[in-house]
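These notes concern the structure reproduced below.
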Amino acid sequence: MSEESYEGIPRNKIPWYPSINYEKCISCGKCVDFCHMGAFAFEEKEGKKRSVVKNPNSCVVFCRGCEDICPAGAITHPSEEETQKIIEKLKKAKA
Ligand code: SF4
Ligand code: SF4
């Protein structure tokens with residue numbers, strides 16, 4: 001289900017994926033239901049269920065949808081500007 005490349009670059013070289021701040025996360029599971037790419041999963045850890053970023057490379061490059069629906073503001077992504085720079089560098093290296 002994951003994209004294998006983005007603009008000709010292997011997806012796994014592009015560091016764009018969500019991160020969960022567990023200090024804020026309330027384990028509501030909304031991100032798991034919301035992301036149709038399956039980037040998140042609910043896992044049991046130390047007897048508690050919590051959402052984890054299970055498939056980071058499934059995240060659509062430059063999507064931030066889950067940040068908006070997380071009721072706790074617990075999800076972040078890297079800087080778009082920095083990621084774009086990395087993509088440009090990778091493209092040049094390939095050329
Ligand atoms: S939507 Fe936000 S608060 Fe809810 S499980 Fe996901 S990261 Fe945690
Ligand atoms: S940013 Fe979009 S594709 Fe990436 S994990 Fe969130 S909802 Fe899924």
Here the residues within segment 48-83 that are surrounded by 13 or more Cβ atoms within 10 Å (Cβ to Cβ), away from ligand 1 (no atom under 13 Å from the Cβ) and polar (S, T, N, Q) are Asn55, Asn57, Ser58, Thr83
If a residue has to be within 11 Å of ligand 1 (Cβ to nearest atom) and either assigned to a strand (DSSP E or B) or surrounded by 14 or more Cβ atoms within 10 Å (Cβ to Cβ) (or both) to count, how many in segment 10-26 make the cut? 4
Residue count, segment 31-69 (criterion: among the aromatic types (Phe, Trp, Tyr) and closer than 15 Å to Ser19 by Cβ): 1
Please indicate, with yes or no, whether at least one residue in segment 52-64 is more than 11 Å from ligand 2 (Cβ to nearest atom) and assigned to a strand (DSSP E or B). yes
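May I ask you to list the residues in segment 44-82 that are modelled with pLDDT of 95 or more and over 23 Å from Arg11 (Cα atoms)?
First pass over segment 44-82, keeping only residues modelled with pLDDT of 95 or more: 51-82.
Of everything in segment 44-82, those that are modelled with pLDDT of 95 or more and over 23 Å from Arg11 (Cα atoms) turn out to be Asp68, Ile69, Cys70, Pro71, Ala72, Gly73, Ala74.
The values are calculated or read from the model by the stated rules, or taken from the named source; none is laboratory data. Not measured: the values here are computed from a predicted model. A quick note on method: Cβ atoms are made from the backbone with ideal geometry, for glycine too, and the neighbour counts reach across all protein chains shown.
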